[in-house]
1. Do the conditions hold for Cys40, that is, is it in contact (Cβ under 8 Å) with a residue 24 or more places away in the chain, within 16 Å of the ligand (Cβ to nearest atom), out of contact with any Lys or Arg (no Cβ under 7 Å at 6 or more places or on another chain) and not in a loop (DSSP other than H, G, I, E, B)?
2. Restricting attention to the range 1-26, and to residues there that are more than 15 Å from the chain's Cα centre (by Cα) and of a type in the set (Asp, Glu), which single residue is farthest from the ligand (Cβ to nearest atom)?
3. Given the structure, is Phe24 of a type outside the set (D, E, K, R), free of Cβ contacts under 8 Å to residues at least 12 places away in the same chain and surrounded by 11 or more Cβ atoms within 10 Å (Cβ to Cβ)?
4. Conditions: (1) in a loop (DSSP other than H, G, I, E, B); (2) exposed (fewer than 11 other Cβ atoms within 10 Å of the Cβ). Gln9 meets all but one. Number of the miss?
5. Can you name every residue in the range 1-21 that is among the aliphatic types (A, V, I, L, M) and in contact (Cβ under 8 Å) with a residue 24 or more places away in the chain?
Amino acid sequence: MEDKVLVCQDCGKEFVFTVGEQMFYKEKGFDNEPKRCKECRDKRKAMRRQREAEASETPAVE
Ligand SMILES: [Zn+2]
């Protein structure tokens, strides 16, 4: 196994999918590779949290 360079779906930047992360994904049974860099994932996570806080009675849809 070796590090893979992937392109972020959101910002178009390249990011590294490290061996450690690949092993983690495998361990969890994830088939897909990450589509976004860490920065964009964190951004989306923060946005989702904010939305949930604003409309807590609406179920969160991806
Ligand atoms: Zn990105």
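1. Judged against the criteria, Cys40 is a match.
2. Among them, the one singled out is Glu2.
3. For Phe24, the condition - of a type outside the set (D, E, K, R), free of Cβ contacts under 8 Å to residues at least 12 places away in the same chain and surrounded by 11 or more Cβ atoms within 10 Å (Cβ to Cβ) - is met.
4. (2)
5. Selection gives Leu6 alone.
Every number in this text was worked out from the coordinates using simple rules, so none of it is lab data. Computed from a predicted model, the values in this text were never measured in an experiment. Positions of Cβ are generated from backbone atoms using ideal geometry, with glycine treated the same way; all protein chains shown enter the neighbour counts.
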